[in-house]
2 protein chains.
Amino acid sequence: MQKPSLPKGTRDFGPEQMARRNYIFNKIKRTFEKYGFQPLETPSMENLSVLTGKYGDEGDQLLFKILNSGEFLKKTSPAEYESGEKAMLPKIAEKGLRYDLTVPFARYVVMNRHNVNLPFKRYQIQPVWRADRPQKGRYREFFQCDADVVGTDSLICEAEIIMMMTEVFGKLGLENYEIKINNRKLLGALAELAGASDKESDLLVAIDKLDKIGIDKVVEELKSKGFSDESLNKILPVLDLSGPNQNKISELESLFSDSETGKKGTEEIKEIFEILDTTNTPTDKVSLDLTLARGLSYYTGAIFEVKPLNVKMGSISGGGRYDDLTGVFGMPGLSGVGFSFGVDRIYDVMEELNLFPDEGLKTIDVMIAHFDNESLKYGLGVISKLRANDISSEIYPDIAKPKKQFTYANNKNIPFVIVIGSEEIKSGLLSFKNMKTGDQESLTIDQIIEKLK
Amino acid sequence: MQKPSLPKGTRDFGPEQMARRNYIFNKIKRTFEKYGFQPLETPSMENLSVLTGKYGDEGDQLLFKILNSGEFLKKTSPAEYESGEKAMLPKIAEKGLRYDLTVPFARYVVMNRHNVNLPFKRYQIQPVWRADRPQKGRYREFFQCDADVVGTDSLICEAEIIMMMTEVFGKLGLENYEIKINNRKLLGALAELAGASDKESDLLVAIDKLDKIGIDKVVEELKSKGFSDESLNKILPVLDLSGPNQNKISELESLFSDSETGKKGTEEIKEIFEILDTTNTPTDKVSLDLTLARGLSYYTGAIFEVKPLNVKMGSISGGGRYDDLTGVFGMPGLSGVGFSFGVDRIYDVMEELNLFPDEGLKTIDVMIAHFDNESLKYGLGVISKLRANDISSEIYPDIAKPKKQFTYANNKNIPFVIVIGSEEIKSGLLSFKNMKTGDQESLTIDQIIEKLK
C-alpha cells in the first residue's frame, strides 16, 4: 500500500490554518469591497498563447504546462522527439496554469471590453502556480490577492491604495510597518539628471537591490554599468534624502525644476499626500522613499511597498501605476493602478507577533455533551432550538465517555459545552460550561440562547 | 496581434456572476459552519499516484496531467516514444489536477491521522478539473461543495444532512424540491429477496437509469442481465411503493422481516425520520424512494438526492454513507457520511426562478458624484466620513459629465448617489438620490450616514 504524499511546494490548509487564513482574507475582501472593488475569478487554466512571453524567459520556464488530453503524442513526430523539449512542448501542451492574476485580468478586460464598466475596479483572490524550486516560504501554489482600477488616471486611486493598506493592516492589528511610496517618473528624472537617461533600467535594477546588498555594492554595480563619478554625485544625494515627506517634496521640487518628468513625478506625489490630508488619512507610516524601485515591472507612475518593522520579513504589500495593461492583447492605452497583499507573509508576521485573536478562530459557539440515549435524545431537542436561533452548535453524535466528548470540544476550540444528564432533564436547568475558565452555571435553554446570541 | 481566448470548457466569473455565486456559497458555508463543519483546502495538484485508479478507467482518462517542469523528456527513451502515450505518460507527468474533493480529503485524513479530531467534520469548497467533452452545463473546471463527517456511525449525521439541505434551500428561497432518501442496504436486501444477490450491482445500475429511460426499459435491461420473471415480480412492487413515508417503512418492515440487511436498512431509515421528528425538522419535502440508487459509487448506507420540481434540472445536491473512506491509502475502517451541493445547477435554477434578490447583489451602498475640482475635493471629505462609519462607498475618480457618473453607478448596481455641487457645499445639505425610484432628498452627511447604517 502506497503512502500518500503531497507534491513538492504545495500545502494542505487544515481547519486551524483555514480559520487564520480566512480571518486575513475576510478583512482584505471587506476592505476592497468597502472601497468599491468588485470580485472577479478567472479559470485556473489559460491557453499557453495567453501566458507565454508575458513573464520573460524565466517566467516561461516556470509556467506549469498541462498535457493535452487523450492522444497527446498525435501531433508530434519522431524528429521532434529527437530534437527535444522545445520542439515537443507546443505539440503536446496547449494550456498552462495561471502564473499571476494580472495577465488573466488583462485578458478578461480585452475579451469583455464592450461590457466592462470603466473605471473598472476589480479584486481577485485566487491561487497561482509557479514551478519554482520550493524553499522556505516559497511555494509552487500560493494565493495572490490583487486589486486594480483601470480606465482612470485619477490620483485618488493611488491615495485610496494607501487608505486600504492602512485599513487592512489596522484591522489585522499590525502596528509597526512602513508604507513606502515613490514614483517611476522621479527615477526616470534622476537618470536624466545624471545624464544617463539611456541607463534608466540599469539604475532601477541596481537601486532595487539596495536593501539586500547595501549602498557600496550598488555604487559598484552602477560604476560597472558605466555611470560616471559625476553621475553618481547627482544620484547618491537624492537616494539619501531624509526627513519629513514635505521636506523631501520641497527638495525634489527645486532639484527637478528643469525636468518635465521630474516635475510631473513630484506633483503626483504631492497630490497623493494632499488627498490623504483631505480624507484625514494618517500619514505617519507613509514615507516617500526615493530608493524604492519595484524591480523591472511595467510601472510608470506611483509605486508602493509595505514593510513590517521589528520582524524580519520582505514586503507584505505592494503595487503601482502602469500605462498599458492590455496592449499586449491588442487594446492599447488602458492605464490603471493596482496593488496586492502577500497573504502568506502576512500570516507569518501575524503568527510571529501573536496577532490572531482567539475569538476570530472559534469554530462553533457551543457543543452538547450527554451521557446516554435519553440525554442524547433530549439534546437533539436542545440543539434544534439553538440552531433555530442561528447559533452555531453541534451535538456529540455518539454515546461516549464525558472525557472523550470534552477532549473533542477542546481540540475544536469550542468555547462552551452544554452538559445534559438525568438531573438536567428533570429540572430543565442545563449545565453550561465555559471551556476556558472551567466555570459552570445551571441555566435554562432560553437563558443560554440569550447568552450566546 | 493575437485575440485572446479561454480554454474550452472554462469560464470567467465577472462581478455580477461572482455576486450571485458568492450569495449561494455564503449560505452554504454559513450552514456548514452552523452545524459544526470546519473548512479544509487541499492543493490543486496531487501526485498522480494519489489520483490514478481511484475513479475507474474513464476517470483516469479524464484526469488533467501536468507536464513535469524543465527537461520533461529526460526520463524517456525513443522506444517509449515509439510505443505511445501509455509508456510516455508516467515518464513525463507526475502530477495531475484534483478530480474531486473526496480523494484529496481521504489523503489528508491519512496524512494527518494523528492530529485529526474524530469525528472529523470538514467542508471543502474548491474547483475540480475533468477533461470531459465540454457541453451545455458541463465544464472542465467547476466547483464542488462537499461536507463529510468521518469517524462515527451515528445516524444523527444523516439526519443533519437533511436539516442542512432544508436550511440551505430555505435560505436560498427555493420552495419546490424533493429530498429523496434511500439506503443501499435496502437495495441489497431487495436483490437478496429476488434471489439475485450476485447481481446487486446490475440492479443498482439499472435502477439508476429509471428517471431517464423509464420502467419498461429498466425491466428489459434487468431481463438481459438474467433477472427471472419471478425475481422481477418481487422487485417491481417495491420500486413502486408509494404513499406516506411511514407507510412505506411499515411495508418494508414486513417485507424484510426475514432479512438481516433489510431489517438494518429499514431501521436506519426509521431512526433518521425519528431524529428529524425530535428536532422538529419539517419532512414534507423528504421522500423515501426505493428507486434512488446513486450510481455505482462506494455508498453502503443511507443515500440522498435533491431534485428541484417545476424546473427541468438534474439533482442539485446528493450524498450518502460509506464504509471505508481511506482504505485505499492504507487506513481501513474509517466510515463516514457526506454530501455536496451542485452550485452551477443551483445557480441556473435560481436564475430561472428569479430567486436572486437585488439586495444581495448590490456592490456598494453609495457613490459620490460631483461637478468640478471643488466639489470633488469636498466629496473626498464626505467619503472619508462614510468610510469611517464602515459604509461601502466610492467617489467617481474623474471630473466627468453627470450623465457619465450616473451611468457608471447604474451599471454597477449602486443603490444611492450623493450629488455634490456648489449649492450643496454652501448649505451642507447634500442631494441624496435613490437610483431605483429616482427620489431625491436634501440631507446632512450625518442624516445620510444614519440612513445607510
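So in region B:119-138, with the set limited to residues that are modelled with pLDDT of 95 or more and assigned to a loop (DSSP other than H, G, I, E, B), which one is nearest to the other protein chains (Cβ to nearest Cβ)? I'd like the intermediate steps shown before the answer.
The initial filter retains those residues of region B:119-138 that are modelled with pLDDT of 95 or more, namely B:119-131.
Imposing the further condition that a residue be assigned to a loop (DSSP other than H, G, I, E, B) reduces the set to B:119, B:130-131.
Numbers: B:119: 6, B:130: 10, B:131: 4 Å.
For region B:119-138, the residue satisfying everything is B:131.
Could you check region A:140-150 and list, in sequence order, the residues that are over 17 Å from residue A:299 (Cβ atoms) and either facing another protein chain (nearest Cβ under 9 Å) or part of a helix (DSSP H, G or I) (or both)?
A:140, A:141
Where the second residue is among the β-branched types (Val, Ile, Thr) and part of a strand (DSSP E or B) and the first is at the interface with chain B (Cβ under 10 Å from one of its Cβ atoms) and in contact (Cβ under 8 Å) with a residue 24 or more places away in the chain and lies in region A:38-63, which pairs have Cβ atoms under 8 Å and are six or more apart or on separate chains?
A:39/A:125; A:45/A:66
Residue A:374 - would you say it is surrounded by fewer than 20 Cβ atoms within 10 Å (Cβ to Cβ), among the charged types (D, E, K, R) and more than 13 Å from every other protein chain (Cβ to nearest Cβ)?
no
Just to verify a result, which residue in region B:412-431, among those that are free of Cβ contacts under 8 Å to residues at least 40 places away in the same chain and surrounded by 14 or more Cβ atoms within 10 Å (Cβ to Cβ), is farthest from the chain's Cα centre (by Cα)?
B:429
For region A:406-429, enumerate the residues that are in a strand (DSSP E or B), touching a Leu at 6+ places or on another chain (Cβ under 9 Å) and more than 15 Å from residue A:389 (Cβ to Cβ). I'd like the intermediate steps shown before the answer.
In the first step, residues of region A:406-429 are kept if they are in a strand (DSSP E or B); the result is A:416-420.
Filter once more, keeping what is touching a Leu at 6+ places or on another chain (Cβ under 9 Å): A:416, A:418-420.
The answer is A:419, A:420.
Among the numbered conditions (1) surrounded by fewer than 18 Cβ atoms within 10 Å (Cβ to Cβ); (2) in contact (Cβ under 8 Å) with a residue 12 or more places away in the chain, tell me where residue A:166 comes up short.
(1) is the only condition that residue A:166 fails.
Can you tell me which residues in region A:42-67 are part of a loop (DSSP other than H, G, I, E, B) and in contact with a Leu (Cβ under 9 Å, 6 or more places away or on another chain)?
Scanning region A:42-67 gives A:42, A:43, A:44, A:52, A:55, A:63, A:64.
Give A:219, A:286, A:205 a once-over and let me know the one that is more than 14 Å from every other protein chain (Cβ to nearest Cβ) and touching a Gly at 6+ places or on another chain (Cβ under 9 Å).
Result of the check over A:219, A:286, A:205: A:205.
I'd like to know if region A:366-375 contains one or more residues that are at pLDDT below 95, β-branched (Val, Ile, Thr) and more than 19 Å from residue A:171 (Cβ to Cβ).
For region A:366-375, residues at pLDDT below 95, β-branched (Val, Ile, Thr) and more than 19 Å from residue A:171 (Cβ to Cβ): absent.
What is the residue count in region A:14-49 for residues that are surrounded by fewer than 21 Cβ atoms within 10 Å (Cβ to Cβ), hydrophobic (A, V, I, L, M, F, W, C) and in contact with a helix residue (DSSP H, G or I) (Cβ under 6 Å, 6 or more places away or on another chain)?
1
Looking at B:342, B:330, B:320, B:379 in this structure, which one is over 24 Å from the mean Cα position of the chain (by Cα) and over 30 Å from residue B:406 (Cα atoms)?
B:330
Could you please let me know if residue B:321 is surrounded by 20 or more Cβ atoms within 10 Å (Cβ to Cβ), more than 24 Å from residue A:388 (Cα to Cα) and in contact with a Ser or Thr (Cβ under 8 Å, 6 or more places away or on another chain)?
Values: surrounded by 20 or more Cβ atoms within 10 Å (Cβ to Cβ): yes; more than 24 Å from residue A:388 (Cα to Cα): yes; in contact with a Ser or Thr (Cβ under 8 Å, 6 or more places away or on another chain): yes.
Yes, satisfied.
Scan region B:336-354 residue by residue and report those that are surrounded by fewer than 17 Cβ atoms within 10 Å (Cβ to Cβ) and aliphatic (A, V, I, L, M).
Of everything in region B:336-354, just one residue is surrounded by fewer than 17 Cβ atoms within 10 Å (Cβ to Cβ) and aliphatic (A, V, I, L, M), namely B:353.
So, in region A:81-118, how many residues would count as being among the acidic types (Asp, Glu), more than 7 Å from chain B (Cβ to nearest Cβ) and outside any strand (DSSP E or B)?
2
So residue B:242 fits all but one of (1) part of a loop (DSSP other than H, G, I, E, B); (2) farther than 30 Å from residue B:120 by Cα; (3) modelled with pLDDT of 95 or more; what number is the exception?
It fails just one condition, (3).
Regarding residue A:200, is this residue more than 16 Å from residue A:334 (Cβ to Cβ), within 14 Å of chain B (Cβ to nearest Cβ) and assigned to a helix (DSSP H, G or I)?
no
Those residues that are in a strand (DSSP E or B) and either surrounded by 20 or more Cβ atoms within 10 Å (Cβ to Cβ) or at pLDDT below 90 (or both), I need them from region A:282-306; list them, please.
Passing the criteria: A:286, A:288, A:299, A:301, A:302, A:303, A:304, A:305, A:306.
Count, please, the residues in region B:4-37 that happen to be within 7 Å of chain A (Cβ to nearest Cβ) and part of a loop (DSSP other than H, G, I, E, B).
Total meeting the criteria: 10.
With respect to the numbered conditions (1) aliphatic (A, V, I, L, M); (2) touching an Asp or Glu at 6+ places or on another chain (Cβ under 6 Å); (3) without any contact (Cβ under 8 Å) to a residue 24 or more places away in the chain, which one is the sole condition not fulfilled by residue A:101?
Residue A:101 satisfies all of (1) aliphatic (A, V, I, L, M); (2) touching an Asp or Glu at 6+ places or on another chain (Cβ under 6 Å); (3) without any contact (Cβ under 8 Å) to a residue 24 or more places away in the chain except (3).
Pick from region A:377-405 the residues that are of a type in the set (Gly, Ala, Ser) and not in a loop (DSSP other than H, G, I, E, B): which of them is nearest to the other protein chains (Cβ to nearest Cβ)?
Among them, the one singled out is A:384.
Could you figure out which of (1) outside any helix (DSSP H, G or I); (2) at pLDDT 95 or above; (3) of a type in the set (Gly, Ala, Ser) isn't true of residue B:70?
(2)
Table: residues versus (1) within 17 Å of residue B:287 (Cβ to Cβ); (2) in a loop (DSSP other than H, G, I, E, B).
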residue: B:161; (1), (2): yes, no
residue: B:164; (1), (2): no, no
residue: B:174; (1), (2): yes, yes
residue: B:185; (1), (2): no, no
residue: B:192; (1), (2): no, no
residue: B:215; (1), (2): no, no
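The values are calculated or read from the model by the stated rules, or taken from the named source; none is laboratory data. Because the structure is a prediction, the values reported are computed rather than measured. When we count neighbours, we look across all protein chains shown, and the Cβ atoms used for this are built from the backbone with ideal geometry, even at glycine.
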